[in-house]
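Here the structure comes first, spelled out in C-alpha cells, and everything after it is commentary.
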Amino acid sequence: MAKFHVIIPAAGSGSRMATALPKQYLPLIGRPILSWTLDTFLACERIASVHLVLNANDVHWQTNSRHHSKLSILHCGGGTRAETVLNALKSLDAEQADWVLVHDAARPGLTHTLLDSLLDELQDDAVGGLLAIPVADTLKRADSSQHVVSTESREGLWQAQTPQMFRYGILKDALTKSGGAPTDEAQAVEALGFKPKLVTGQLRNLKITFPQDLALAEAILAADQEGVRK
Ligand code: CTP
Ligand code: MG
C-alpha cells in the first residue's frame with residue numbers, strides 16, 4: 001500500500017512578519033509555531049515519515065530540537081519554497097506511487113480531522129490535490145493607487161492552503177521541470193497538465209504571514225485547549 005510522507009518546508013526568513021527570529025520559531029502559547037505544526041503529523045498514525053527542511057545556516061532548531069522516530073531533519077533549504085521542497089524530495093526514500101504531503105511550517109491550525117479528510121478524499125486518486133477554501137468575499141480589482149477598477153466574479157475561485165498532497169513520482173517530475181518558481185506544489189503539477197482535486201479546508205488552517213496573524217492563530221489554538229479542558 002502507498003505510504004504517506006510529509007515534507008515541512010521551514011527554510012524561509014519570514015520577511016513579511018518583520019521579526020528578527022524566522023516566523024516558524026516565534027512563540028505561540030508558550031512554544032514555537034513549528035512545534036504545533038509538527039505535532040499534528042507526528043501524532044497521526046497514517047503518516048509514515050515527517051521531514052523538516054531547514055536552511056543550511058539555521059541556528060534556531062537546536063534550541064527547539066526534539067526527537068521522534070518518524071522525524072528527520074534536512075539542512076537543504078533552497079532559495080525558494082519550491083527549491084526547498086525539491087531538495088527534500090531528492091533525499092526521500094519513497095516509491096513512485098507513495099504520497100507526499102507538503103505543509104507550510106507556519107500553518108499551526110491544521111486539525112486531525114482536516115488531515116484525515118484530505119487523506120480519505122485523495123488516497124485512491126491517481127494524482128492528488130490540496131486543502132483549499134472557496135472565496136467568500138466580494139473581489140475587487142485595484143489600480144496602482146489602490147482604487148477599485150472592477151468587481152470580479154468569485155465563482156469557481158478557491159484559496160489554496162496546505163497540505164498539498166501528490167504522488168511522489170508526479171511531484172518530483174513537476175518540481176524538477178518548474179524551475180523553482182511556483183509558489184505551491186499544485187501550480188507545478190498543473191503545469192504538467194493534471195487537475196489537482198480541491199478538498200474543502202477551513203479558515204483556521206491559516207498561514208501566519210503578517211504580524212496580526214499571530215494573535216488570530218493564538219486565539220484559535222487557545223480555544224482548542226479550552227475545549228479540551230471542558
Ligand atoms: N519556505 C522555505 N524555503 C524558502 C521559502 C519559504 O522552506 N526558500 C517555507 C517557509 O519557511 C514557510 C513556507 O515555505 O514554512 C511558506 O512560505 P512563506 O509563508 O512565504 O514563508 P517565508 O518565505 O518565510 O515568508 P516571507 O515570504 O514573508 O518572507
Ligand atoms: Mg515566502
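No lab work stands behind these numbers, since they all come straight from the coordinates. Here the structure is a predicted model, which means the values were calculated and not measured. Counting neighbours? That spans all protein chains shown, and the Cβs are built from the backbone with ideal geometry, glycine included.
Here are the numbers for this structure:
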| read-out | value |
| --- | --- |
| Local net charge near P182, Cβ-Cβ under 12 Å (Lys/Arg +1, Asp/Glu -1) | -2 |
| Within the chain, helix-based [θ] at 222 nm, where runs of 4 or more DSSP H residues each add -39,500 (n - 2.57), nearest 500 | -9000 deg cm²/dmol |
| Distant-in-sequence amide H partners of L92 (H built 1.01 Å from N, under 5 Å) | none |
| Per-selection metrics, the range 4-229 (Cα): Rg and Dmax in Å | 17.6, 54 |
| Relative contact order (%) - the range 4-229, alpha-carbon pairs under 8 angstrom, separation at least six | 24 |
| Among A106, H68, A18 - extreme Cα towards positive end, dipole of the chain, charges at beta-carbon | A18 |
| Which listed pairs, of K23/K197; K3/K195; K172/K197; K140/K172; K23/K90; K90/K177, have C-alpha distances above 24 Å, in listed order | K23/K197; K140/K172; K23/K90 |
| E155 paired with S15, simple spin-label distance in nm, labels 7 Å along Cα-to-beta-carbon | 3.8 |
| Placed amide H near H75: partners under 5 Å, 5+ positions off or other chain | L54 |
| In order through the range 79-96: 3J(HN,Hα) via Karplus (6.51 cos²θ - 1.76 cosθ + 1.60), integer Hz, x for Gly, Pro | x, 10, 4, 4, 5, 4, 5, 5, 4, 5, 4, 5, 9, 7, 8, 9, 8, 3 |
